[in-house]
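This report refers to the structure that appears directly beneath it.
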Amino acid sequence: MSASINIKNVTKTFETMTALDDVSIDIKAGEFVTLVGTSGCGKSTLLRILSGLETVTDGEVTCDEKPIKGTNANRIMVFQEHTLLPFLSIRKNIAFALKGTKLYKTEKKNIDHWLSLAGLTEFANKYPHQLSGGMRQRAALVRALAVQPEVLMLDEPLGALDNFTRMTLQDELLKLWQEQNNTIIMVTHDVDEAVYLSQKIIVMTPRPGRIKEALEVSMSYPRNHADSEFIELRTTILKNLNYAKEVKEQYEEYSI
Ligand SMILES: Nc1ncnc2c1ncn2[C@@H]1O[C@H](COP(=O)(O)OP(=O)(O)O)[C@@H](O)[C@H]1O
Ligand SMILES: [Mg+2]
């Protein structure tokens, strides 16, 4: 199950600060979209708006053409900082999330599967404070996946993980997305990750938060980091973010 998301001319201001300026994005049902950009360009604010935790100052956001008003179990967000319940074990955190949905009866037998996917089988009965930061992040991610929302919003979900765990979870995320067919909107700082995972990449720039470019990615899955098309797209994005200047240009910028 999945739902479409439409973001139309959205502006969000916090007092005098414009966090988002006239942002429009069309997201198809079942599409995997990533938002890429430096810190402060409004990525988290946009996800908070889509999850219903924040309202727009101007513009419109809809889910399956209905205005987004408040939170809904069909639109789940995994925050940059994990939000596991501190007084429940990891297993019970997943069970608790499932209990809020119709899936509990059929899915409670799969909790061990989710724990194993996150590499947390041995830590199932531990509490969040007994886990490392990366483990907590993995637990929060599989807790959201277990609930099978129509729209899954992920705010740098793999940010605190070491490279190998990160690559394993990227593949698991792709597999689950292909199985569950949900709409995924993911924030990442990692351009490689965006190219590896998504069908659409939204490149954003800060102050005010704007869309620099929306790139459609037609490469089939699984993708290869070493393909020329992969490398070309990564370079285009880095250029858009001003991280791939010619050496001469860099030299001129810093010379007096
Ligand atoms: N609740 C808030 N109150 C005031 N300013 C905020 C608030 N949330 C975000 N901002 C500001 O909006 C801008 C965008 O923030 P954010 O969406 O967190 O960016 P990103 O996730 O891309 O790093 C930042 O300058 C941030 O300081
Ligand atoms: Mg953020």
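Mind telling me which of the residues Thr11, Thr18, Thr34 ends up being closer than 24 Å to His189 by Cα, under 16 Å from the mean Cα position of the chain (by Cα) and β-branched (Val, Ile, Thr)? Write out each step before concluding.
Working: Thr11 fails: under 16 Å from the mean Cα position of the chain (by Cα); Thr18 fails: under 16 Å from the mean Cα position of the chain (by Cα).
Testing whether each residue is closer than 24 Å to His189 by Cα, under 16 Å from the mean Cα position of the chain (by Cα) and β-branched (Val, Ile, Thr) leaves just Thr34.
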*Within the stretch 6-36, how many residues turn out to be more than 16 Å from ligand 2 (Cβ to nearest atom), over 18 Å from Val203 (Cβ atoms) and either touching a Ser or Thr at 6+ places or on another chain (Cβ under 6 Å) or not hydroxyl-bearing (Ser, Thr, Tyr) (or both)?*
9
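In the stretch 146-185, how many are within 16 Å of ligand 1 (Cβ to nearest atom) and either polar (S, T, N, Q) or on the phi < 0 side of the Ramachandran plot (or both)?
Residues that pass the stated criteria total 8.
Take Ala226 and decide whether it is more than 16 Å from ligand 1 (Cβ to nearest atom) and aliphatic (A, V, I, L, M).
Working: more than 16 Å from ligand 1 (Cβ to nearest atom): yes; aliphatic (A, V, I, L, M): yes.
When the stated conditions are applied, Ala226 passes them.
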*Name every residue in the stretch 67-78 that is over 20 Å from Val10 (Cβ atoms) and either crowded, with 22+ Cβ neighbours inside 10 Å or under 15 Å from the mean Cα position of the chain (by Cα) (or both), in order of residue number.*
Ile76, Val78
*Look at Pro157 and say whether it is within 16 Å of ligand 2 (Cβ to nearest atom) and over 14 Å from the mean Cα position of the chain (by Cα).*
no
*Is one or more of the residues making up the stretch 69-76 at pLDDT below 95 and among the hydrophobic types (A, V, I, L, M, F, W, C)?*
yes
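Wholly within the stretch 1-110, which strands (runs of 3 or more DSSP E) include no fewer than the required count, namely at least 2 residues that are touching a Gly at 6+ places or on another chain (Cβ under 8 Å)? Explain how you work it out, then say what you get.
Working: elements: 5-14, 17-27, 32-36, 58-63, 75-78.
Ranges flagged: 5-14, 17-27.
Mind checking whether some residue in the stretch 105-112 is hydroxyl-bearing (Ser, Thr, Tyr), at pLDDT 95 or above and more than 30 Å from Val10 (Cβ to Cβ)?
Taking the stretch 105-112 first, the residues hydroxyl-bearing (Ser, Thr, Tyr) are 106.
Subset that is at pLDDT 95 or above: none.
Scanning the stretch 105-112 turns up no residue that is hydroxyl-bearing (Ser, Thr, Tyr), at pLDDT 95 or above and more than 30 Å from Val10 (Cβ to Cβ).
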_Selection count, the stretch 37-72, where residues are within 13 Å of ligand 2 (Cβ to nearest atom) and farther than 17 Å from Pro149 by Cα_ = 11
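The values are calculated or read from the model by the stated rules, or taken from the named source; none is laboratory data. Since the model is a prediction, treat every value here as computed from it, not as a measurement. Backbone-built Cβ (ideal geometry, glycine too); neighbour counts: all protein chains shown.
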